[in-house]
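Everything on this sheet refers to the single structure shown next.
Every number here is computed from the coordinates shown, using simple stated rules; none is lab data. Remember, it's a predicted structure, so these values are computed and weren't measured experimentally. Cβ placement follows ideal geometry from the backbone for every residue including glycine, while neighbour counts extend to all protein chains displayed.
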Amino acid sequence: MLKRPIILIEGKTDRPIYNNLVKISQINAKVHLVNEFRNTNPGCEGVINAIVNLQDFFNRSLNNIKFVLGIIDQDARPYRVSEINQQTLQGLFILKYYSLETYFSTTENIKRLAARLSYIEANEIPHETINFIEINITNSLEDLYYLSLEALKNACLKGYNGLVRYEIGAGKVCNDKSKKHLMTQIASKKQDLAAFAQKKGISIKDLKQICKGKWYLYNYLYRAHYQIKQLSAQCRLGQIPQCSSCKSENPDDCLYTLKSHYTTQDISKLSDQILNIIDHNECSDIIQRIKELYSPTT
């Protein structure tokens, strides 16, 4: 009646992100937690069930599909037998990654994070410096891949008692000390995990599809933050392209000097910051799907 489409999402933590994506899409849509509606449950199953119940509504008119959109994380869905997929239900959009947080683990967002933490502008950071930051991330991905495979195997195989489950917190999976302990335990399982991955058609290129988004983002920030802390010393020594102050022989005013010092316990704060930064290119699939909803101009 109000000619305003609605978007159903799994839970409250994602609501600010989807509100930002709606603004970028320039569609006058309202984001709702699915359990705000009668006889619905929270989470992805709640969204799926709501969309299932709306199939008759969509079938009544081709125009109705423009008024309701359910969005869910991919989770382990593509790797489990008989899981629902987005082609079977009208009005359901499944993210391209395991979960939403992975969309924020991008080179562009690392630039913006480095700029927020220091005195340099994002557009002043050359690719050589970004490479210096990201090499620490790249070197961590193989371990994260095997930890994610173990969690995926646990999610797919009934009765499998995995050492790692998706319910484990990001810090335990990604912090150096606890991760080293987990990798020691998993070392004897690597061959079996590789065989499981081959059976499922998975390689390390699919890491974003099998790694829990909170893990992927935490690892990205944990590794990037460690490198960002080194930038000022690297800049003063000329180990990376120097900022304008260091080029002018004023190293005390190095633009890579950190405004705030975060510890590893503060990575969640950095996560909160970066979840407010939308990378338009990375989120283009979500933005485009929202743009397909009703607009007075269409």
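Find the centroid of the Cα atoms in the stretch 111-135 and in the stretch 136-188, then give the distance between the two in whole Å.
So the two Cα centres are separated by 29 Å.
Mind ranking 155-163, 26-34 by how tightly packed they are, going by the mean number of other C-beta atoms within 10 angstrom, highest first? Could the numbers behind the result be given before it?
Numbers: 155-163: 11.9, 26-34: 18.0.
The packing order, highest mean first, is 26-34, 155-163.
Using packing as a proxy for protection, rank 102-108, 75-81 so that the peptide with the highest average count of other Cβ atoms within 10 Å comes first. Please list the in-between numbers first.
On the way: 102-108: 20.7, 75-81: 16.4.
Top of the packing list down: 102-108, 75-81.
Among residues other than Thr13 whose Cβ falls under 11 Å from its Cβ, what is the net charge (Lys/Arg +1, Asp/Glu -1)? Working shown, then result.
Details: positive: Lys12, Arg15, Lys214; negative: Glu10, Asp14, Glu101, Asp272.
Net charge around Thr13: -1.
How large are Rg and Dmax for the stretch 1-154 when only the alpha carbon atoms are used, in Å?
19.3, 56
Suppose a student asked you for the relative contact order of the stretch 107-274, using Cα pairs under 8 Å spaced at least 6 residues apart; what percent would you report? If you can, show how the numbers build up before the last one.
Values: 165 pairs, mean separation 49.3, N = 168.
Worked out over the stretch 107-274, it gives 29 percent.
Which links in Lys66/Lys214; Lys66/Lys269; Lys153/Lys269; Lys158/Lys190 stretch past 26 Å when you go from one Cα to the other?
Values: Lys66/Lys214 31 Å; Lys66/Lys269 36 Å; Lys153/Lys269 31 Å; Lys158/Lys190 20 Å.
Flagged as over cut-off: Lys66/Lys214; Lys66/Lys269; Lys153/Lys269.
Report the percentage of all Cα-Cα pairs in the stretch 107-274 whose separation exceeds 20 Å, rounded to a whole percent. Write down the numbers at each step before the final one.
Working: 7754 of 14028 pairs.
Looking at the stretch 107-274, the distances longer than 20 Å represent 55 percent of pairs.
In the structure shown, do any of Lys96/Lys180; Lys30/Lys205; Lys212/Lys259; Lys12/Lys172 have a Cα-Cα gap over 32 Å, and if so which?
Details: Lys96/Lys180 29 Å; Lys30/Lys205 35 Å; Lys212/Lys259 30 Å; Lys12/Lys172 24 Å.
Listed pairs above 32 Å: Lys30/Lys205.
No solvent, one uniform scatterer per C-alpha: report log10 I(q)/I(0) for the stretch 1-72 via the Debye equation at q = 0.20 1/Å, two decimals.
Normalising to I(0) and taking log10 leaves -0.85.
Taking neighbour Cβ counts within 10 Å as the exposure measure, how do Asp176, Asp279, Asp252 sort from fewest upward?
Working: Asp176 12, Asp279 16, Asp252 8.
With the fewest neighbours first, Asp176, Asp279, Asp252 line up as Asp252, Asp176, Asp279.
So how tilted is helix 141-156 from the main axis of the chain? Cα-based, degrees 0 to 90, rounded to 10.
With both axes taken from Cα atoms, the answer is about 20 degrees.
How far is the Cα center of the stretch 226-298 from the Cα center of the stretch 1-26, in Å?
Here the two parts' Cα centres lie 25 Å apart.
Per Stokes-Einstein, at 10 °C and 1.306 mPa s, what whole-number D in µm² s⁻¹ belongs to the chain, with the Kirkwood radius over Cα pairs as the hydrodynamic radius? Before the final figure, lay out the partial values.
Details: Rh = 21.2 Å.
The diffusion coefficient I find is 75 µm²/s.
Mean residue ellipticity at 222 nm from the helices of the chain, using -39,500 (n - 2.57) per DSSP H segment of n ≥ 4 over the full residue count, to the nearest 500 deg cm²/dmol? Walk me through the numbers before you get to the answer.
Working: 15 runs with 140 residues, N = 298.
The helix contribution divided over the chain gives -13500 deg cm²/dmol.
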